[in-house]
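Here is the structure we will look at.
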Amino acid sequence: MIQVDVLVGLQWGDEGKGKIAHFLGVHYDWMARFQGGCNAGHTVIHQGKKFIFHHLPAAAVLPQVKVFLGPGMVLYPPVFVQESQAIDKTIHLSGALQVILPTHLLIDVLLEQARGKGAIGTTKKGIGPAYADKALRQGIPLKTLLENPKAIQNTFLWKYHQQWLRLWESEPPSLDDFWQSVETMRQWLKEGKLKLWSPQAWIEYCYRTQERLLAEGAQGTLLDLHFGTYPYVTSTHTVSGSVYTGLGVPPNVIKEVFGVFKAYMTRVGQGPFPTELQEPLASRLREWGKEYGATTGRPRRCGWLDLNALQYACKINGVTQLIMTKADVLAKLPQVQVFYQDQFHSFPSWNAQLIDDTHFETFCEFIEKQLQQPIVYVSYGPETQQIYQRTTINVS
């Protein structure tokens, strides 16, 4: 039987899943992404060096961990090539995952412009249009692109040229970078730095070897296409159930579901945010927590922890263990607040080291009581070692 655990974000993304995946990764043979594309941003500090991944799972920097990008993802070759060069290992990819084309980026920008004041606030990385083409059965699988690039190139160039002329009435920009990255990927495939799998072959391998797998999600539960704050959501299913379709593993193999949340909340882009802070406190929290998007650099909106939303996210994902991040950021305040059942609850702040701090334990126990789930790990700084395991308490 396959041994699979899942790591998901419980808010609007940016919960610090990258650091947690890096921390947990030493216990697994495989790290796999099951949805999203280069709209994700995972920041990891490993051996004093900072890595920002968009396609790759955060634990890709660990030498013993094998990496798999599942068929539920979309991939943009120029970005993938750039980040893959940062690590020296073979990357395993599903040949069925879809390719983001330059036309998808173009359409993404135009759609946002056309929405005007109703803009969603997408990353403009072409994710939505790529998934739309997949649903229309006119997308390009990675295997097809790498094995028959000339045929794809001829069809794509015509389509790209026509769309650009129709929308902009001017000559399209050069596609040299895109095709160069495709050629680089084809060369890597020949040299063994990339390994393409059919979904069936990879699952068969996992059943045969029984190696441990951590499936890492991108974005967060409240951005899920079905269960998030629609229409201000991403183009994929970010919840734990997406592991089944995004990787091909069956439901009965999932053991642990780690749910990651910040001690406060942030959101990038438009959409509702009931606990959003006003200035100047919002700016202070943003600077203290370095709340700027890893993919876009956009400032994040900041607010108090919303336990109603967190409770909902735990149920949707079937969370078995909670992990809190950035608890040290709130230590700079005299008091903190949590929103639950239509009212704010205030708590005295704590010291930045957290361990054995009675005020912080009171804060955690309140959250655990409402969610009926233990907070197993707490992160209190950017370094991987700045995580400690709490004593599991009775939350009944």
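The values are calculated or read from the model by the stated rules, or taken from the named source; none is laboratory data. Predicted model, so just to flag it, every value in this text is computed and none were measured. Here Cβ is always computed from backbone atoms with ideal geometry, including for glycine, and neighbour counts include all displayed protein chains.
Couple of notes before you dig in:
- Restricted to region 304-396, the set of strands (runs of 3 or more DSSP E) holding at least 3 residues that are buried (at least 21 other Cβ atoms within 10 Å of the Cβ) comprises 321-325, 375-379.
- The one condition in (1) assigned by TED's automatic domain parsing to the domain that holds residue 80; (2) modelled with pLDDT under 90; (3) in contact with a Ser or Thr (Cβ under 8 Å, 6 or more places away or on another chain); (4) more than 20 Å from residue 60 (Cα to Cα) that residue 237 fails to fulfil: (2)
- Restricting 139, 192 to those that are on the phi > 0 side of the Ramachandran plot and among the small types (Gly, Ala, Ser) reduces the list to 192.
- In region 200-211 there is no residue matching the filter, namely being in contact with a Ser or Thr (Cβ under 9 Å, 6 or more places away or on another chain), of a type outside the set (Ser, Thr, Tyr) and in a loop (DSSP other than H, G, I, E, B).
Listed here are the residues, each with its yes/no results for (1) closer than 22 Å to residue 225 by Cα; (2) surrounded by 12 or more Cβ atoms within 10 Å (Cβ to Cβ); (3) more than 27 Å from the chain's Cα centre (by Cα).
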{"position": "123", "(1), (2), (3)": "yes, yes, no"}
{"position": "151", "(1), (2), (3)": "no, no, yes"}
{"position": "158", "(1), (2), (3)": "no, no, yes"}
{"position": "161", "(1), (2), (3)": "no, yes, yes"}
{"position": "175", "(1), (2), (3)": "no, yes, yes"}
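- Unique match (being surrounded by 20 or more Cβ atoms within 10 Å (Cβ to Cβ), at pLDDT 90 or above, closer than 25 Å to residue 249 by Cβ and more than 23 Å from the chain's Cα centre (by Cα)) among 142, 146: 146
- Of all residues in region 315-343, those that are of a type outside the set (S, T, N, Q) and touching a residue at least 60 places away in the same chain (Cβ under 8 Å) total 12.
- Set 53, 80: member being in contact with a Ser or Thr (Cβ under 9 Å, 6 or more places away or on another chain) and over 24 Å from residue 257 (Cα atoms): 80
- Test: residue in region 96-117 that is under 17 Å from the mean Cα position of the chain (by Cα), of a type in the set (Gly, Ala, Ser) and in the same structural domain as residue 173 (by TED's automatic domain parsing): no
- Scanning region 88-104 for residues that are within 25 Å of residue 245 (Cα to Cα) and either of a type outside the set (Gly, Ala, Ser) or without any contact (Cβ under 8 Å) to a residue 24 or more places away in the chain (or both) returns 90, 91, 92, 93, 97, 98, 99, 100, 101, 104.
- Flag not set for residue 26, criterion: β-branched (Val, Ile, Thr), assigned by TED's automatic domain parsing to the domain that holds residue 171 and out of contact with any strand residue (DSSP E or B) (no Cβ under 8 Å at 6 or more places or on another chain).
- Taking the numbered list (1) touching a Gly at 6+ places or on another chain (Cβ under 8 Å); (2) in a loop (DSSP other than H, G, I, E, B); (3) without any contact (Cβ under 8 Å) to a residue 60 or more places away in the chain in turn, residue 171 passes all entries but (1).
- Candidate set from region 179-223 (those that are in contact (Cβ under 8 Å) with a residue 60 or more places away in the chain and charged (D, E, K, R)); member that is surrounded by the most Cβ atoms within 10 Å (Cβ to Cβ): 216
- Qualifying positions in region 1-60 - closer than 28 Å to residue 108 by Cβ, charged (D, E, K, R) and surrounded by fewer than 24 Cβ atoms within 10 Å (Cβ to Cβ): 50
- Of the residues making up region 99-116, at least one is within 23 Å of residue 191 (Cα to Cα) and surrounded by 16 or more Cβ atoms within 10 Å (Cβ to Cβ).
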